[in-house]
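> Mind having a look at this structure? Questions to follow.
Rule-based calculations on the coordinates, nothing more; no lab input. Please read these numbers as outputs of a predicted model, since none were measured by experiment. Methodologically, a virtual Cβ is constructed for each residue, glycine included, from the backbone with ideal geometry; neighbour enumeration extends over all protein chains shown.
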Amino acid sequence: MVRTSDRVGDGAGRAFDAVVFDFGGVIISPITGKVEALASSRDIELSKLLHVLLGPMDVSTRDHPWHQAERGELAVADLQESVAPYAEEHGLELHGDEMEYLFNLEYTFNQAVLDRVASLRAEGYRTALLTNSVQEFRPTLEHQVDMNLFDAVVDSSFEGCRKPEPAIYQRTTERLGVAPERTVFLDDFGPNVEGARAAGWTAIHVTSAEQALADLDELLAR
């Protein structure tokens, strides 16, 4: 991993010291379309299926199976059985293959974003990857992404906390050695963006790679 002292620039005159990137929807294409496709194929209301399979979207709960898996408390193999009571509560009849479908991930990499991570490091910024994930995905992540692009990799499933919980934002800035107010964050999920802002970060709500990079460049140029 490149040491801070090896990078160009000392940050003098800058408003920010670090840029933090989400994985899904930022470094790769959005993966939320899988749930939409599943809801459409089963003729289920999207909001209801999201709540059953992924739990509340605006808060992080202690007991929903998806949230537990993203904190490393539950194996992916146990998710399908664990969400069954939530489905029954909402009057949904699951087929038993919903989690298998969701984890059959299909995505493309936003190479322009990865290139920008590398150029940020050359400019002297510290960089981090902050992702809500599951432990079973970590080998794939490390195989597909050069971890040396980041000064810190903060994976919820190995941290025991997840976005938008305050602890994971604090842990990220501590690992980077930067102040919250000197940190920029890019995420495609509104509650995670709001969580970062509540932690004192400046956050960009990503709707596309092009928009994200344009907003980032404008922000850093101020």
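> Taking the Cα centre of each part, how many Å lie between segment 125-143 and segment 161-222?
16
> Could you tell me what percent of the DSSP beta bridges with both partners in the chain are antiparallel, to the nearest 5?
That works out to approximately 5 percent antiparallel.
> In addition: As a check on your grasp of the helix formula, calculate [θ] at 222 nm for the chain: sum -39500 (n - 2.57) over DSSP H runs of n ≥ 4, divide by the residue count, round to the nearest 500.
-12000 deg cm²/dmol
> Give the shape of segment 67-106 as rounded, prolate or oblate, defined through the alpha-carbon gyration tensor: a ≥ b ≥ c are the square roots of its eigenvalues, a/c under 1.5 means rounded, and otherwise the shape is prolate if a/b is larger than b/c and oblate if not.
It is oblate, given that a/c is not under 1.5 and a/b is not larger than b/c.
> Hey, if you put +1 on the Cβ of every Lys and Arg and -1 on every Asp and Glu Cβ in the chain, which of TRP201, ALA128, GLY13 ends up farthest toward the positive end of that dipole?
GLY13
> Here's something else I'd like to know. Based on Cβ point charges of +1 for Lys and Arg and -1 for Asp and Glu, what charge dipole magnitude is obtained for segment 123-219 about its Cα centre, in debye rounded to the nearest 20?
360
> Shifting gears a bit: Take peptides 84-91, 186-193 and line them up by average Cβ neighbours within 10 Å, highest first, as a rough protection proxy.
Ranking, from highest mean packing down: 186-193, 84-91.
> Hey, what angle do you get for helix 79-89 against the long axis of the chain, alpha-carbon based, 0 to 90 degrees rounded to 10?
Approximately 60 degrees, to the nearest 10.
> Once the Cα atoms of helix 166-176 and of the chain are each reduced to a long axis, what angle between those two axes, in degrees from 0 to 90 to the nearest 10, is obtained?
That works out to roughly 30 degrees.
> Which of rounded, prolate or oblate describes the chain when judged by the alpha-carbon gyration tensor and an a/c cut-off of 1.5? Provide the component values of the computation, followed by the final result.
Working: a/c = 2.08, a/b = 1.99, b/c = 1.04.
Prolate, since a/c reaches 1.5 and a/b exceeds b/c.
> What angle do you read, to the nearest 10 degrees and between 0 and 90, between the alpha-carbon axis of helix 209-221 and the longest principal axis of the chain?
Rounded to the nearest ten degrees, it is 30.
> State the answer as a single residue: which of GLY96, VAL76, ALA167 lies farthest towards the positive end of the charge dipole of the chain, with beta carbon charges of +1 for Lys and Arg and -1 for Asp and Glu, about the Cα centre.
About the Cα centre, the residue reaching furthest to the positive side is ALA167.
> Separate question: Taking the Cα centre of the chain as origin and charging only Cβ (+1 Lys, Arg; -1 Asp, Glu), how large is the dipole, in debye to the nearest 20? Intermediate results must be reported in sequence, preceding the final value.
Numbers: 19 positive and 38 negative charges, 196 e Å.
Dipole magnitude for the chain comes out near 940 debye.
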